[in-house]
Amino acid sequence: MSRDDQNLTEPTGSGSDKRFEALIERALRIDVPGPVARVEPRKLPRWPFIAVAASLLLAAGMLVNSLYEARYFGGDDLATDVIAHVLHEPELLVPTDAPADGAEFDQILREAGARFSVAPAAVSFVRLCPFRGHMVAHFVVRASHGPVTVLLLPNEEVDARTPLNEQGFIGTIVPLDAGGSIAVVGEADEDIEEVRTQVAGALRWRL
Amino acid sequence: MTAAKSELELRREFDQLSRRLRPDLYRYAFWLGRDRQLAEDVVQEALLRAWKAYRDLADPSSAKAWMISIVRREFARTFERKRLETVDISDYEQQLAGDEDDPRVEEMRQAIFELEVDYREPLALQILLGHTTREIAGLMDLTEGAVLTRLHRARAKLRQAIGPDQSGDGSNKS
């Protein structure tokens, strides 16, 4: 605050006025939520927790090793990694009419650093997945012929639209104006353009 | 902004800047609209707009004022689009009640919450964001005299709302 401002808005500058100003400042400083919502961990008994943690650590080590061997992440070919990921979760491509839980979809988008100005229609599955070293949102939209899977990739930059056509799947990886990209993949006879347009137009990254 | 910076350097620089400023931008947006979800949406949109224009920002030292002005414009756009209803006291319970342990701060927070936006905004700009009267006048398109009047009335209303015990020595000097 400038000296002139102080003269006009804090008449005496006394201790009580300073306390008053400090009180206003404290009141204005409300808590600020983080850009990504945190999920509070559940409290578990200690020994079962250690046993579960050890099992998870062992499983994670084996998974990381197998992923490295399969060049699952750390590779340069994003298109191949996208197809590999889709094949890794084939249950997400099974046709279903059951809609995904909206609150769960929002929560996963939040954790993946994304949100939509207009939510995609007909989302049937949603999951937070490890992909090339990051947790990304992976969801499925019911398109005209069947399910189309979408990966939101804030950390993957591509220079131009990259077509995919591997192992019976077609798709595209699209760069976004705000940085990052999306991958849209369906079976060979699927029209993915509508999903691509809908998702790319409404997606916003959380900074 | 220098043209020599790569896209990656600019992104890192902007990321650091937005992380540093985000808390104050969020608080400013909150005190404009008195709604946490609205504040979050406004700040997200404002940061995206800021990123798109960041390369063209001529003076990095003005980044804070520049981003505050973007938040203000984005709030106006969002408010107009959503045509938000008047907030009443029950919304204070929903938005802020229980966030603060100190009852004096809680009482003051509620008093600020109930101020008209014409008084809340310059108060937040001055106390929260450290703006001078001239800067507030420029941002709000007012004369400096009008800003000073609003700040004076804002404090008077707060003193009246919280009573002499909390507002200082009880003489109601402002």
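Details
- Compared with the dominant principal axis of the Cα atoms in chain B, helix B:36-54 is inclined by about 30°.
- Free of any GluC sites (Glu not before Pro) that DSSP assigns to a loop and that have at most 12 other C-beta atoms within 10 Å, the longest stretch within chain B is B:1-84.
- Rounded to the nearest 20, the size of the Cβ-charge dipole of region A:137-207 about its Cα centre is 360 debye, with Lys and Arg at +1 and Asp and Glu at -1.
- Between B:91, B:118, B:99, the residue with the greatest mean-square fluctuation in the GNM of chain B (Cα pairs under 10 Å linked by springs) is B:99.
None of the figures in this text is laboratory data; all of them are computed from the coordinates on show. Because the structure is a prediction, the values reported are computed rather than measured. Cβ coordinates were reconstructed from backbone atoms using ideal geometry, including for glycine residues, and neighbour counts include every protein chain displayed.
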